[in-house]
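Some notes on the structure that comes next.
The values are calculated or read from the model by the stated rules, or taken from the named source; none is laboratory data. All figures in this text were calculated on a predicted structure; none of them were measured in a lab. Here Cβ is always computed from backbone atoms with ideal geometry, including for glycine, and neighbour counts include all displayed protein chains. In case anyone asks, the SASA skips ligands and DNA or RNA and just uses the protein heavy atoms, side chains included. Shrake-Rupley method; radii C 1.70, N 1.55, O 1.52, S 1.80 Å.
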Amino acid sequence: MGCLVSTPKDTGGNRRRPGSIGEVSVYVPGLRIPKPVDFSQSLSGHVSKTLVERLTAMRTRIVVMAGQEALTITRTRRKTTTQHGRSTLVDLHQALEDYLPVLLGLVSDGSQLQFKVQFIWVNQEDDAEETAMFNAWYEVLSVLHLMAVLSLSQANLLLLPRTSADFYQPKASEGYLDCAVRHVLPRLPSELRRNLPVDLAEGVLRALCLQALGQGVDIQLGMAIDSTKATLAVKRRLACEMVKYWQQAQDNLMNLPLSNGWGEKHRHFVKWKYVEAKAAAYYYHGLILDEGNTEKSHGMAVAALQAADEYFEESKTACEVFNAAHPLSRNPPLWGTMKYLSEKIPKDTSSKVRINRDLYSHEKNMGTAPTLPDFALALKPNEYQLPPVDPSWNENVQLGHIGTNEVKRG
């Protein structure tokens with residue numbers, strides 16, 4: 001059950017796409033914006049007036065705040081605050097967290113109420129401007145996606161120099177995305193899943209989750225680089241794991257129709273970071289191979305370092321392609337892992353090639369670079385579970401809808 005309505009991209013002007021999004025450390029998809037819903041008409045006679053009014057008030061607040069945030073979320077130098085001194089981004093995230101337990105009453109225990117309200121959201125990556133469905137699980141999925149995007153935005157602000165993040169520690173975006181994939185998508189009928197906007201496609205959700213994990217490992221590698229106790233083996237393992245996260249993210253996007261604005265930029269970002277990660281992995285692999293005492297190991301080390309240098313140069317081109325894709329963006333000053341490697345990769349590659357040439361009377365063509373070692377991925381998504389249904393639903397039994405205190409998690 002659940003009717004689908006998609007509006008083609010040329011029939012309206014609801015999308016709010018900036019021409020430029022400033023500096024980008026973390027890819028943040030365009031904000032999907034909810035459109036107003038008339039709960040009273042859809043739920044009259046099924047849900048108490050108090051509960052209808054509460055749902056209406058909470059969602060209306062989100063509609064207004066999301067519309068405002070869409071205009072400012074990409075401004076990396078902004079300082080938009082509420083009357084309480086907090087950022088609107090933080091307040092919107094809190095409003096979504098408050099709304100979710102009340103919303104879950106519509107799907108509690110397989111209730112037929114889940115099919116009575118038409119929820120409409122404006123897309124960003126999909127060709128269709130907006131998607132409407134008579135299914136409350138679609139609303140849950142959209143809320144989790146928006147919560148994840150807000151967390152990614154906050155993470156981007158935290159990783160940029162000279163910006164204030166209001167001392168707010170963002171929730172782990174990968175937790176929301178993992179929950180969406182494992183516990184919410186399966187609730188939707190297969191027909192509706194096939195017709196979801198590409199913004200909410202399983203591949204996109206998985207890719208965003210993997211990206212968050214990959215950038216988490218990047219931060220770990222940066223900390224290892226700064227540590228005097230971290231060995232080359234530790235750094236190589238982290239770099240190789242980073243490659244796997246970005247490769248899996250790229251695989252998840254491979255067959256999706258991401259050719260419309262944000263979608264194309266998303267694909268370019270993943271390619272850039274995948275190539276960048278390979279530069280780091282081959283660099284550390286080359287340093288470890290160079291510790292060997294044979295001509296063969298030294299030759300393999302040179303081949304790995306040359307591959308690192310080539311991938312590093314390729315990553316600069318991939319970065320330029322990403323920044324040139326609309327909406328336009330630019331790089332923040334180098335920091336962390338890539339600041340260090342941007343200096344070390346060219347220098348150490350040149351040095352090792354020269355030393356290898358001096359040590360051995362002939363130059364041996366190693367062909368392709370040696371295979372990177374395969375390590376199991378250690379970093380997993382933080383666990384996030386859907387909250388219990390709001391207790392206000394227990395007061396609704398007199399109207400024939402029996403609520404439960406917990407949504408089955410499958």
Whole-Å semi-axes of region 210-381's equivalent ellipsoid (Cα gyration tensor) | 30, 18, 15
At a probe size of 1.4 Å, how large is the accessible area of Met242, to the nearest 10 Å²?
-> 10
Cβ-derived FRET efficiency at R0 41 Å, Asp127 paired with Glu291, nearest 0.05 | 0.20
What length, rounded to one decimal in nm, is gained on full extension from Ala57 through to Lys35, with 0.36 nm per residue of separation minus their alpha-carbon distance?
-> 6.6 nm
Virtual spin-label span in nm between Asn331 and Ser350, 7 Å along Cα→Cβ | 1.8
For labels at Val234 and Gln68 in the simple 7 Å Cα→Cβ model, what's the distance in nm?
-> 4.6
Determine the distance separating the Cα centre of region 106-155 from the Cα centre of region 232-252; give it in Å without decimals.
-> 32
Test item: Cα-centred dipole of region 210-381, Lys/Arg +1 and Asp/Glu -1 on Cβ, debye = 280
Taking the Cα centre of each part, how many Å lie between region 197-213 and region 216-230?
-> 26
Report, by chain and number, residues whose modeled amide H sits under 5 Å from the one on Glu130, excluding near sequence neighbours (fewer than 5 apart, same chain).
-> Thr7, Asn123
Scan around Glu23 for amide H atoms under 5 Å from its own, H built in the peptide plane at 1.01 Å from N, and keep only partners 5 or more places away or cross-chain.
-> Thr76, Arg330
